[in-house]
Every structure is written in structure tokens, then in C-alpha cells.
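J.: Below is the structure I would like to discuss, written out as C-alpha cells.
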Amino acid sequence: MKKIKIKFVDFWNGFDIYDNIFVDCIKKKYDIEFSDNPDYIIYSVFGNEYLNYNCVRIFYTGENIRPDFNLCDYALGFDYIDFEDRYMRLPLYLFNHYRKDLDNAINKHNLDKDKVLGKKLFCNFVYSNGNADKKRTEFFNMLNEYKKVDSGGKYLNNIGGPIEDKFEFQKKYKFSIAFENSSTSGYTTEKLIQAVAAGTIPIYWGNPNIYKEFNTKSFINCHEYDTFYDVIEKVKEIDNNDELFFRIIKEPFVEEYVIKDYFEKLQKFFDNIFSKEDAIQRLDILHGKNYENRVKLGSMSIKDQVLIKLKIKKF
């Protein structure tokens, strides 16, 4: 097998460089060498170490951040971008540590009816980040006016302290508030998947195009309603109708082939990169290097960024 020298940099704390979706995909066809002198850097958004390597750069973001193709050669992220062979959409929920959640979500329509209808608790809310879009807190407070929503995270906790096991906590409830930190087309994290996996009906807000990924009959999609008041009226209707509740639970969330298709596309994405003798495509001319250096120093204003990008486009 062809040897591929790679290095992972600027990922989140706890990221396992040896056990992740990239390694799983690459090692099927290539011999991987983890190297400090790599031919390929795979990097994320938690630092600028990647700027120290003048090799092929592959960017991945699990955050609501756009790739900058003046700094990377290829990118993987949330956005629905068509940029020839240089970009692929790869949502965060496909990563290894969410694999069990994804499997449970795929099979959630097989849940036992007695167990589903035996749920006595109303709705949960599990978040630690209080700096997200204010709509998340707004909806939490509005739904609380109907029935108490149990908040098990660090943010707005009302059950005596943070929970230890999110899955075990959520599975006791009929509903889960599954709001993203922000709303952007394509930005889908683990929140919806984990709520579905636990056998609850998620109340989802975030990606307005979520219907492109999952069966919206299997959860409450806030983007289908004019106001949160309308959403809450739907929650009340389901809460007071066991047959309707169970019918939604029985709706398939996503077909397994859809998930497998992502892995096949990722294999092709890497094959395309590794098959090129000269895969570096970003600009290494004077203005390109100037751009990199100023990003590294953190001294670039928004105006300067725009001016440099305009200059680069002239070449």
C-alpha cells in the first residue's frame, strides 16, 4: 500500500489522532505514518500550528466556521459548498465518538411500544454553553410555562446539579430540546442525533435545511412553524395523545445507506488528494505568504483581509 505521511494539528482537546473517522477511512487503502515531517496536514480551528507546515493542508471544522481556501488546499465542513474536488460536507455527528448514538438513532423506530408509552417525564434540556443564540433560552423559558423542563446541564440547571450520563438522562423523557448553538444552513451537530438515540422526540432548531438530512416526521422541526408559540402548541398536542406520540417515534429517522454514503464519499475525497503528484493548490505567491503571516500574527483587520483577498484574485 502507498505510504501516507500525515499529522493532525489544532483539533479539540480529547481528539484521538489514532482513532477517528479520517484514520478509519485512510487506512483501508493506505499505509499511514504519523509524522512530524508530513506530506499532509489535517487541521481544525483550535490554533494556528498548521501555518508552520508548507505541505498539503486539509481543513476540518466541527464548528460553525467557513473554510478559507487561501490557507487550505482542501476542506471538510458543514456547509453546502460546491467547490470542485476541494470540498466535501462532513457533519460532526459522523465522528467515531457519536457512532453508538447514530446506530441507536437509525434503529429508534424499533423501540418497544410499552417502554415508549411508559415514559412519565416531560422534557429535558442539556446544555453547558450559555453564550449560544438567545432563541435557545427563550424557547426553554416558554416551554417551562406549559410544564417544567428539566435542565440537566451546567446552564440553567434546575435539578440540583449537572448529570453524568446524557443518554441515561434523556431516555427517561418524552421530549428533548435539541437546539444548535446557532442557526446556519448545513450546521448539524450531535444534538439532534443524541436526542433521537435516547428514544425521545427532539424539538429541533438550527439547520433550516435539516429536511435534506433526516426525516422531519420523526421529530418536531421548529423551522416548519411560524413562531415558537406554534411549536409549543404542537408539543402540547403530542404530549396529550399517546398514539400520535408513538407514531412519531415509529417514524424512521434516517436510512442506513445515507450514512454509509458519507464514508464512501470521504474515501473518494482522500483518494483524489493522495493520487495527485502535486496537490498543493493554495497561493504561495507574495500576497499569499503575506496573508498567511498576518493571520499567524493575529494582526489582520477585516479591512486588510478583504484588501489582501482582492490582490490575490488579480494574479
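J.: For region 223-242, give me each residue that is open to solvent by 10 Å² or more (accessible area, probe 1.4 Å) and not acidic (Asp, Glu).
T.: Initial filter on region 223-242 (open to solvent by 10 Å² or more (accessible area, probe 1.4 Å)): 223-230, 232-234, 236-237, 239-242.
Passing the criteria: HIS223, TYR225, THR227, PHE228, TYR229, ILE232, LYS234, LYS236, ASN240, ASN241.
J.: The conditions are (1) surrounded by fewer than 17 Cβ atoms within 10 Å (Cβ to Cβ); (2) assigned to a loop (DSSP other than H, G, I, E, B); (3) hydroxyl-bearing (Ser, Thr, Tyr), and TYR211 fails exactly one of them. Which is it?
T.: So the condition that TYR211 fails would be (2).
J.: Can you find even one residue in region 256-264 that is surrounded by 13 or more Cβ atoms within 10 Å (Cβ to Cβ), modelled with pLDDT under 90 and not in a loop (DSSP other than H, G, I, E, B)? Can you show your working first?
T.: Here is the first cut: in region 256-264, the residues surrounded by 13 or more Cβ atoms within 10 Å (Cβ to Cβ) are 259, 262-263.
After this cut, where a residue has to be modelled with pLDDT under 90 as well, the list is 259.
Then drop every residue that is not not in a loop (DSSP other than H, G, I, E, B), which leaves 259.
Checking region 256-264: at least one residue is surrounded by 13 or more Cβ atoms within 10 Å (Cβ to Cβ), modelled with pLDDT under 90 and not in a loop (DSSP other than H, G, I, E, B).
J.: Could you check, for region 121-133, whether at least one of its residues is under 28 Å from ASN158 (Cα atoms), touching a Ser or Thr at 6+ places or on another chain (Cβ under 6 Å), touching a residue at least 12 places away in the same chain (Cβ under 8 Å) and among the charged types (D, E, K, R)?
T.: yes
J.: Among (1) under 24 Å from the mean Cα position of the chain (by Cα); (2) within 30 Å of THR227 (Cβ to Cβ), which single condition is VAL116 missing?
T.: (1)
J.: Any idea which of (1) open to solvent by 40 Å² or more (accessible area, probe 1.4 Å); (2) in contact (Cβ under 8 Å) with a residue 40 or more places away in the chain is the one GLU84 doesn't satisfy?
T.: (2)
J.: Under the condition of being open to solvent by less than 30 Å² (accessible area, probe 1.4 Å) and closer than 24 Å to ASP68 by Cβ, which residue from region 29-46 is nearest to the chain's Cα centre (by Cα)?
T.: Here the residue is SER44.
J.: Now for a separate question. From the list ASN96, ASN110, ASN129, which one is open to solvent by 50 Å² or more (accessible area, probe 1.4 Å) and either within 21 Å of PHE214 (Cα to Cα) or among the hydroxyl-bearing types (Ser, Thr, Tyr) (or both)? Give the derivation first.
T.: Working: ASN96 fails: open to solvent by 50 Å² or more (accessible area, probe 1.4 Å); ASN129 fails: either within 21 Å of PHE214 (Cα to Cα) or among the hydroxyl-bearing types (Ser, Thr, Tyr) (or both).
Sole residue among the options that is open to solvent by 50 Å² or more (accessible area, probe 1.4 Å) and either within 21 Å of PHE214 (Cα to Cα) or among the hydroxyl-bearing types (Ser, Thr, Tyr) (or both): ASN110.
J.: Of the residues in region 178-193, how many are touching a strand residue (DSSP E or B) at 6+ places or on another chain (Cβ under 8 Å), surrounded by fewer than 23 Cβ atoms within 10 Å (Cβ to Cβ) and closer than 13 Å to TYR127 by Cα? Full working, then the answer.
T.: Kept after step one, since they are touching a strand residue (DSSP E or B) at 6+ places or on another chain (Cβ under 8 Å), are these residues of region 178-193: 178-180, 183, 186, 191-192.
Now restrict to residues that are surrounded by fewer than 23 Cβ atoms within 10 Å (Cβ to Cβ): 180, 183, 186, 191.
So of that shortlist, the ones also closer than 13 Å to TYR127 by Cα come out as 180, 191.
The qualifying residues number 2.
J.: Within region 113-126, work out how many residues are open to solvent by less than 20 Å² (accessible area, probe 1.4 Å) and β-branched (Val, Ile, Thr).
T.: Looking only at that region, the number is 1.
J.: Can you tell me how many residues within region 1-10 are closer than 23 Å to LEU51 by Cβ and either without any contact (Cβ under 8 Å) to a residue 40 or more places away in the chain or of a type in the set (Gly, Ala, Ser) (or both)?
T.: 3
J.: Right, here's the next one. Since ILE26 meets every condition but one in (1) closer than 20 Å to LYS265 by Cα; (2) in contact with a helix residue (DSSP H, G or I) (Cβ under 8 Å, 6 or more places away or on another chain); (3) surrounded by fewer than 20 Cβ atoms within 10 Å (Cβ to Cβ), which condition does it not meet?
T.: Exception for ILE26: condition (3).
J.: Considering each of ASN13, ASN48, ASN54, ASN64 in turn, give the residue that is at pLDDT below 95 and in contact with a Lys or Arg (Cβ under 6 Å, 6 or more places away or on another chain). If you could, list the steps in order and put the result at the bottom.
T.: Working: ASN13 fails: in contact with a Lys or Arg (Cβ under 6 Å, 6 or more places away or on another chain); ASN54 fails: in contact with a Lys or Arg (Cβ under 6 Å, 6 or more places away or on another chain); ASN64 fails: in contact with a Lys or Arg (Cβ under 6 Å, 6 or more places away or on another chain).
Testing whether each residue is at pLDDT below 95 and in contact with a Lys or Arg (Cβ under 6 Å, 6 or more places away or on another chain) leaves just ASN48.
J.: When you scan region 93-202 for helices (runs of 4 or more DSSP H) that lie fully inside it, which ones turn up with 1 or more residues that are under 25 Å from GLU233 (Cα atoms) and modelled with pLDDT of 95 or more?
T.: Working: elements: 99-106, 113-117, 134-144, 166-170, 191-197.
Result: 134-144, 166-170, 191-197.
J.: Let me ask something additional. Exactly one of these conditions fails for CYS72: (1) open to solvent by less than 20 Å² (accessible area, probe 1.4 Å); (2) of a type outside the set (Gly, Ala, Ser); (3) touching a Leu at 6+ places or on another chain (Cβ under 8 Å); (4) assigned to a loop (DSSP other than H, G, I, E, B). Give me its number.
T.: Against the list (1) open to solvent by less than 20 Å² (accessible area, probe 1.4 Å); (2) of a type outside the set (Gly, Ala, Ser); (3) touching a Leu at 6+ places or on another chain (Cβ under 8 Å); (4) assigned to a loop (DSSP other than H, G, I, E, B), CYS72 comes up short only on (3).
J.: Among the residues of region 1-23, write down those that are outside any strand (DSSP E or B) and open to solvent by less than 40 Å² (accessible area, probe 1.4 Å). Lay out the reasoning, then the answer.
T.: At the first step, the residues of region 1-23 found to be outside any strand (DSSP E or B) are 1, 10-23.
Within region 1-23, ASP10, PHE11, PHE15, ASN20, ILE21, PHE22, VAL23 qualify.
The values are calculated or read from the model by the stated rules, or taken from the named source; none is laboratory data. Being a predicted model, the structure only gives us computed values, none of them experimental. So basically every Cβ, Gly included, is an ideal-geometry build from the backbone, and we count neighbours across all protein chains shown. Surface accessibility is based on the protein's heavy atoms, side chains included, excluding ligands, DNA and RNA. Shrake-Rupley method; radii C 1.70, N 1.55, O 1.52, S 1.80 Å.
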